[in-house]
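Read the figures in this text as sums done on the coordinates, not as results from a lab. Just so we're clear, the structure is a prediction, and the values are computed from it rather than from any experiment. Cβ: placed from backbone, ideal geometry, glycine included. Neighbour counts: every protein chain shown.
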Amino acid sequence: MPHLAERAARVRDALVTQAAVRDQSEAAARVSRLLSRPIRPTLAREACTIVTNPWAQLSVVAFFVLASTPGCGPAGLPTYPVEGTVHWEGQPVEKGDIVLISVDNSVAPDAGKIVGGTFTLRAKAGKKRIEIFASREAENLDRHEKARPLVPYIPHRYNVSSELEQEVTAEGPNSWTFDLPK
């Protein structure tokens, strides 16, 4: 009978947490009624009728719609190796991110990590707008903070407002160097 107790506990938890149950005593009464009956196929139907909150119903529908939709962009497009270096004011970017966004927005972006001034990733072919992001610890520690916060130091003109562009080709080589001046 542990299976029965487990199912009963799940039903009880679901009833108590539903926004449609306005009163704890009503929830307790429903749980008592459900637990006093033997488990049968109609129990699932009874539990489903308890969810009368339209927002709960909408969220369930939204979940199933989103779960059944395919991912971003066409699946199975070939990707090609891309590598390179990134320097900020003559120094290698120690830690950061590089994002390759299709100029015509025809495919999903590709991204990779910058470590020690170098990056390696795989990207779909085409003309790309390049966004480079990097952060470092703040120089001043606020007296209310226990650790130094990370602050971005690469200006917007190299990331969200970037005009950097490169072409990823199937033939390669896709090897790029970005020397970013201040």
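Approximating the spin labels as points 7 Å out from Cα along Cα→Cβ, the THR169-to-SER106 distance works out to 1.7 nm. Net charge of the neighbourhood of GLN166, taken over other residues with C-beta under 11 Å away and scored Lys/Arg +1, Asp/Glu -1, is +1. Dipole size of segment 72-182 about its Cα centre, with +1 on Lys/Arg Cβ and -1 on Asp/Glu Cβ: approximately 240 debye, rounded to the nearest 20. For the pair ARG157 and ARG122 in one chain, pulling the backbone fully straight at 0.36 nm per residue adds 10.2 nm over the alpha carbon distance.
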